[in-house]
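Written out below as structure tokens is the structure these notes cover.
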Amino acid sequence: MKTIVTAEAKGADIDVFACAVAYAELLSLEGKESIPVIPGMFTASVTPSILAWGAKYETIYSSDGSENFVLVDISDPDQFPSFVFHNRISEIYDHRSGHETYWKDRIQNNAHIEMVGACGTLIWEQFKKRAKEKDISMVSAKLLLASIVSNTLAFRSLNVTERDKVAYAELSAITGLSEEWIQKYFLEQEDILLKNFEQYLRADTKVFKTASGDFAIGQIEIWDATDLLNTRKNELDHIMSEYESMPWIVNIPNISKGFNYVYSKSLRGKEIIEKVCGLKFENDIATTKGLLMRKYLMKVLREV
Ligand SMILES: [Mn+2]
């Protein structure tokens, strides 16, 4: 039986890309036929340099009725690609909360939902647990390392755990990718993102359900965001006007400076964030104390 390793329908960041490619490789190393399928468009975190590493993957899949599905970096069943048959999901790997019970009830211990910084950390741990860490390809090792660096904002974000640091150290020893690479990687992303700003903001805006209805969070991860809210405000407003029927914010991790800007012109969006996160907006902008990832904000907002 063939296994399709896939993720969220809408778009893929480096964590999705790394997990799908590396986990399909792990299954192949165990003698199981498997294909990584990455639908939707890539966020700016999947840079041309990373694509040049040459990972193989498909972008679409049509079911022949006999395959299993593994979902990585996603556990919200509403966000799965339409080709996924939910009754043939064999495993889930994710690091976002909200759907743990749903999956435990359906696939028990095959649901691996754990709050680490990167889903890539969970996949690397599977290589070790299943004694395949010496067989990992250079491409998969590099992708997993990049996923950890990206999803923890180079270990500056509050979601980083000891497990991510251990995984990074081990993958760094295998790949030789160092601190110097990390900074180059973030600057490359910033360059791409600023050149195609509206396209990437649209790809990186997520709508999710809270107890009081839908909420939209756009995200722009950038090495130095000092000028962004002056120079790109019109484009921000243009994209976010597509979400004016619901509360919205744009989360802007200012990575090298270690805090976020949170931008919003949505009255309801600002009210909710002020109340829940204790932030204060001035001229549509709030700043945080440390670096916050969108998944943290989503977790907090879901509980309201
Ligand atoms: Mn992730």
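Before moving on, here are some points about what is shown:
- Convex hull per residue volume in Å³, alpha carbons only, for the stretch 60-162: 134
- Whole-Hz ³J(HN,Hα) from phi, Karplus 6.51 cos²θ - 1.76 cosθ + 1.60, for the stretch 252-264, glycine and proline x: 10, x, 9, 4, 5, 9, x, 8, 10, 8, 10, 10, 7
- Here the 3J(HN,Hα) profile of the stretch 142-148, calculated from phi with Karplus coefficients 6.51, -1.76 and 1.60 at θ = phi - 60°, is 5, 4, 5, 4, 4, 5, 5 Hz, Gly and Pro shown as x.
- Computed [θ] at 222 nm, helices only, for the chain once each DSSP H run of length n ≥ 4 contributes -39500 (n - 2.57): -12000 deg cm²/dmol
- Percent of C-alpha pairs per 20 Å bin, the chain, short to long: 34, 58, 7
- The residues packed around A225, meaning those with a beta-carbon under 11 Å from its beta-carbon, carry a net charge of -2 if Lys and Arg are +1 and Asp and Glu are -1.
- Taking packing as the residue-averaged number of other Cβ atoms within 10 angstrom, the listed peptides 194-205, 217-228, 129-140 run from highest to lowest as 217-228, 194-205, 129-140.
- Most fluctuating residue given options D13, D284, D105, as computed from a GNM of the chain linking Cα atoms under 10 Å: D105
- Global form of the stretch 130-183, assessed from the alpha-carbon gyration tensor, a/c cut-off 1.5: oblate
- Local electrostatic count, K265, Cβ distance below 15 Å [Lys/Arg +1, Asp/Glu -1]: -4
- Between the stretch 47-111 and the stretch 271-285, the Cα center-to-center distance that results, in Å: 34
- Cα gyration tensor category, rounded, prolate or oblate, for the stretch 110-157 with a/c compared to 1.5: oblate
- Taking label points 7 Å from Cα along the Cα-to-Cβ direction, S62 and Q183 give a separation of 5.0 nm.
- Rounded to the nearest whole angstrom, the semi-axes of the ellipsoid equivalent to the stretch 1-124, taken from the Cα gyration tensor as √(5λ), stand at 20, 17, 14, largest first.
- Lysines whose Cα lies under 26 Å from that of K104, excluding same-chain neighbours fewer than 8 positions away: K2, K10, K32, K128, K129, K206, K209, K295, K299
- Given their separation in residues at 0.36 nm each and the Cα-Cα distance between them, V166 and K280 gain 37.4 nm when the chain is fully extended.
- Using the Cβ of T175 as centre and a radius below 15 Å, the other residues enclosed give a net charge of -3, where K and R count +1 and D and E count -1.
- Stokes-Einstein D (µm²/s) once Rh is taken as the Kirkwood radius of the stretch 153-262 over alpha-carbon pairs, at 37 °C in 0.692 mPa s: 210
- Phi to ³J(HN,Hα) by Karplus 6.51 cos²θ - 1.76 cosθ + 1.60 over the stretch 193-204, Hz, x for Gly, Pro: 4, 6, 6, 10, 4, 5, 4, 6, 5, 4, 5, 10
- Distance between the stretch 217-238 and the stretch 119-148 - C-alpha centres, whole angstrom: 33
Rule-based calculations on the coordinates, nothing more; no lab input. This one's a predicted model, so the numbers in the text were calculated from it and none came from an experiment. Reconstructed Cβ throughout: ideal geometry from the backbone, glycine too, with neighbour counts over all protein chains shown.
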